[in-house]
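**Q** Have a look at this one.
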Amino acid sequence: MKFKIIFIEWLPIGVTVSFLAVMAYGLVQQTIRLSVNSEPAQIANDVASILSQGVEPSYLIGGEKTEITKQLAPYVIVYGLDGKVAASSASFDGQSPNVPQGILAEAKLKGEDRVTWQPRAGIRQALVAVSYNNGVVVSGKSLKEPEKLIGLIGRDSLIGWAATMLVSFAAVFAIHRSKLFAKL
């Protein structure tokens, strides 16, 4: 009976601790994930600005290709108005990647689109697509390292949550125990 009373008195604390832990984790997770868009956004906007001045995509983008199945470096893919690759610094299993046409359509419609693209299991990319007068520039970057960091933070948050739950319950239990002894 006394345990039930202790549990009922502790429950609002447990709910509050749980809510705050989930909220804190969510804020940190979203901050990390959304910050990954910064570099691709800068690259896509800069490339689109240069291409809008009449520079040929193949002149601007060339050389080494980032193999997105193995490398973490940012990359650029320029699509023409027809939705076909005009130039690319990315490679996906040895070929130029084709992002879903919906991403290109959304960028054409709204000027920009930011998405997480998973071309296959284990390969996740942060993409920013920016339209320009002759097509769409897509810049991307691997989410491998940010997702590792998010996993570590999730594990540590879970450990912190569990410890806080135990300590808060122990505190409520200790308060009840001291009240019990005070009555004797």
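**Q** Check whether at least one residue in segment 78-98 is touching a Ser or Thr at 6+ places or on another chain (Cβ under 9 Å), in contact (Cβ under 8 Å) with a residue 60 or more places away in the chain, of a type in the set (Phe, Trp, Tyr) and farther than 24 Å from Ile153 by Cβ, and report yes or no.
**A** Checked against the condition, which is being touching a Ser or Thr at 6+ places or on another chain (Cβ under 9 Å), in contact (Cβ under 8 Å) with a residue 60 or more places away in the chain, of a type in the set (Phe, Trp, Tyr) and farther than 24 Å from Ile153 by Cβ, segment 78-98 yields no hits at all.
**Q** Right, here's the next one. Residues Gly151, Gly140: which one is farther than 30 Å from Ile6 by Cα and surrounded by 15 or more Cβ atoms within 10 Å (Cβ to Cβ)? So that I can check it myself, show each step before the final result.
**A** On the way: Gly151 fails: surrounded by 15 or more Cβ atoms within 10 Å (Cβ to Cβ).
Just one listed residue meets the conditions, Gly140.
**Q** Leu109: surrounded by fewer than 16 Cβ atoms within 10 Å (Cβ to Cβ) and touching a Lys or Arg at 6+ places or on another chain (Cβ under 7 Å), yes or no?
**A** On the way: surrounded by fewer than 16 Cβ atoms within 10 Å (Cβ to Cβ): yes; touching a Lys or Arg at 6+ places or on another chain (Cβ under 7 Å): no.
No; evaluated as a whole, the condition is false for this residue.
**Q** Taking Gly102 as the residue in question, decide whether it is of a type outside the set (Ser, Thr, Tyr) and either touching a helix residue (DSSP H, G or I) at 6+ places or on another chain (Cβ under 8 Å) or on the phi > 0 side of the Ramachandran plot (or both). Even if it seems obvious, please write down each step before you answer.
**A** On the way: of a type outside the set (Ser, Thr, Tyr): yes; either touching a helix residue (DSSP H, G or I) at 6+ places or on another chain (Cβ under 8 Å) or on the phi > 0 side of the Ramachandran plot (or both): no.
In short, no.
**Q** Take the residues in segment 112-137 that are surrounded by fewer than 21 Cβ atoms within 10 Å (Cβ to Cβ) and among the aliphatic types (A, V, I, L, M); name whichever of them is nearest to Ile43 (Cα to Cα).
**A** Val115
**Q** If I go through segment 154-168 residue by residue, how many of them are in contact with a Gly (Cβ under 7 Å, 6 or more places away or on another chain) and crowded, with 17+ Cβ neighbours inside 10 Å?
**A** Total satisfying the criteria: 0.
**Q** Sticking with this structure for a sec: Looking at (1) touching a residue at least 24 places away in the same chain (Cβ under 8 Å); (2) within 25 Å of Ile159 (Cβ to Cβ); (3) within 26 Å of the chain's Cα centre (by Cα), can you tell me which one Glu39 breaks?
**A** For Glu39, the failing item is (2).
**Q** Taking the conditions exactly as written (assigned by TED's automatic domain parsing to the domain that holds Thr164, in contact (Cβ under 8 Å) with a residue 24 or more places away in the chain and of a type in the set (A, V, I, L, M, F, W, C)), does Ile13 satisfy them or not? Explain how you work it out, then say what you get.
**A** On the way: assigned by TED's automatic domain parsing to the domain that holds Thr164: yes; in contact (Cβ under 8 Å) with a residue 24 or more places away in the chain: yes; of a type in the set (A, V, I, L, M, F, W, C): yes.
The answer is yes for Ile13.
The values are calculated or read from the model by the stated rules, or taken from the named source; none is laboratory data. These numbers were taken from a predicted model, which means no experiment stands behind them. Neighbour counts are summed over all protein chains in view; Cβ atoms, including those assigned to glycine, are modelled from backbone coordinates with ideal geometry.
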